[in-house]
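The values are calculated or read from the model by the stated rules, or taken from the named source; none is laboratory data. Because the structure is predicted, anything quoted here is derived from the model rather than measured. We place every Cβ from the backbone using ideal geometry, glycine too, and count neighbours over all the protein chains shown. Heads up: the accessible areas ignore ligands, DNA and RNA and are worked out on the full protein's heavy atoms, side chains in. Shrake-Rupley method; radii C 1.70, N 1.55, O 1.52, S 1.80 Å.
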Amino acid sequence: MSRKTLMPFLILFVITANAQVTYTPTPENLKTREWFQDAKFGMFIHWGVYSVLGDGEWVMNNQKIDKPTYQKLPAFFNPIGYDPREWIALAKAAGMKYITITSKHHDGFAMWDSKVSDWDIVDRTPYKKDVIKMLADECKKEGIKLFFYHSHLDWYQDNYFPRGNTGQTAGRPESGDWYKYLDYMDSQLRELLTNYGDIGGIWFDGIWDKKEADWRLDKTYSLIHTLQPACLVGNNHHLAPFPGEDFQMFEKDLPGHNTTGFSGDQRVGELPFETCETMNNSWGFNLQDKNYKSTKNLIQYLVRAAGYNSNFLLNVGPMPNGKLQPEFVNTLNEVGKWMGKYGETIYGSRGGPVSPKSWGVTTQKANKVYVHILNAEDLNLLIPDFGKKVKGITLFGTGAKIKYKQDAFGIAVSLPREIIDETDTILVIEI
Ligand code: FHN
């Protein structure tokens, strides 16, 4: 084998070798995984000082802003309109059961009161308040689990050296101590897992910036599981899960798909799944991005995700004043109305016995299989046989009986035209 052919294997080996070699999740951890799969729907929040520029969370890198210039930003970040109760009320109204917020994005800025750095919201902004603490306290009151998105990649720290593929225009010195950076990251994670109550999970991102590095995942994952055994670890490395991880995420794609190009090397593993998506085309607040996805599109994404046995983490990028844009609020309320009516077919379900099809997906709970027809291409639907005798089929919501014929090939259903709902027509198959 040539060096060139060997390289991808070596890279994979280096990363794998850094992960916990053997990992047995604790009973508490398995319980959180179960809860996570039942919860199905969460709110992703990308919020940082970058929101001031209204050009997304990559603005430092994309506009080639150096550190001294970027350091001016926190002075403009004064989110006096921030009220975590509003965000949580909206998440609940949308039917979401957990929130994943950026504790630190790639710009390295800590949105909590870090003691190991002054590059944080309390030390650098006129607002001076720990927004993560405020959110954590309200989440606890409201029974919403809180997860932290935490960037491995850091465009600010000098010790993030040798540098990766991004963050090269921050004007940092050509030297640094990589292991000091990892120690620093672990100290910050220790703060987050010590001072903010029970944390649902840590959602890592950014390893793809420096695939060949020794990320010491073993140490970091062990630290997390020692501090909070029930806390789930997930890593958006776009690869198959490593030992020490508790869920697998897919960015902007359903498990096994690669429409965005992120998941080319991603193998679908055995852990609980989550897919994340934006409401327009941006994660962080983007003033000019008006590519809002429709309510129907987002509901169908959520339903499809459930059919793929996956959670759906839907992103909002709050504005610098701490408010959410009305476009997001309206759509989320509409999604919530739908979940209020049809959530029973999603929450607590698992991917159904029939694999996803062009017409839709199935979910299942106990002896009920929910057939979600998202695209009624044909009023004569043949649901492939899944080895169970059908006792009856009804239309979800009204309970109206649906005629069917079952044979060795499957279940033939002729759908009355008047029952077709262009968002999702849901049949309940009792088995
Ligand atoms: O670079 C980030 C990006 O800003 C955003 O946080 C998304 C969320 O999945 N993840 C990274 C790109 O893979």
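For W215, the test of being open to solvent by less than 10 Å² (accessible area, probe 1.4 Å), modelled with pLDDT of 95 or more, outside any strand (DSSP E or B) and aromatic (F, W, Y) is passed.
Just one residue in the set G317, G340 is modelled with pLDDT of 95 or more, within 19 Å of the chain's Cα centre (by Cα) and not basic (K, R); that residue is G317. Filtering region 184-207 to residues that are in contact with a Lys or Arg (Cβ under 9 Å, 6 or more places away or on another chain) and not hydrophobic (A, V, I, L, M, F, W, C) leaves D186, S187, Q188, E191, N195, Y196, G197, D198, G200, G201.
For region 247-298, which positions are closer than 26 Å to D55 by Cβ, part of a loop (DSSP other than H, G, I, E, B), away from the ligand (no atom under 11 Å from the Cβ) and at pLDDT 95 or above? M279, N280, N281, F285, L287, Q288, D289, K290, N291, Y292, K293, S294 - these are the residues of region 247-298 that are closer than 26 Å to D55 by Cβ, part of a loop (DSSP other than H, G, I, E, B), away from the ligand (no atom under 11 Å from the Cβ) and at pLDDT 95 or above.
Selection of first residues in region 48-64 that are away from the ligand (no atom under 14 Å from the Cβ) and of second residues that are of a type in the set (D, E, K, R), restricted to Cβ pairs under 9 Å at least 6 apart or on distinct chains, gives the following pairs, ordered by first then second residue: V49/D107; V49/R124; Q63/D55.
For first residues located in region 410-424 and farther than 19 Å from S294 by Cα, partners that are among the aromatic types (F, W, Y) and lie 6+ apart or on another chain with Cβ distances below 6 Å form the pairs I411/Y404; V413/Y404.
Among the conditions (1) open to solvent by 40 Å² or more (accessible area, probe 1.4 Å); (2) more than 22 Å from the chain's Cα centre (by Cα), P243 misses just one, which is (2). Within region 158-197, the set of residues being among the hydroxyl-bearing types (S, T, Y) and over 18 Å from F148 (Cβ atoms) comprises Y160, T166, T169, S175, Y179, Y181. Here D378 fits the description: of a type outside the set (S, T, Y) and modelled with pLDDT under 95.
Of all the listed residues (I144, I99, I80), the sole one being within 24 Å of N235 (Cα to Cα), out of contact with any Lys or Arg (no Cβ under 6 Å at 6 or more places or on another chain) and away from the ligand (no atom under 16 Å from the Cβ) is I144. Being open to solvent by less than 70 Å² (accessible area, probe 1.4 Å), under 30 Å from R304 (Cβ atoms), at pLDDT 95 or above and not in a helix (DSSP H, G or I) holds for only one residue in I99, I88, I65, and it is I99.
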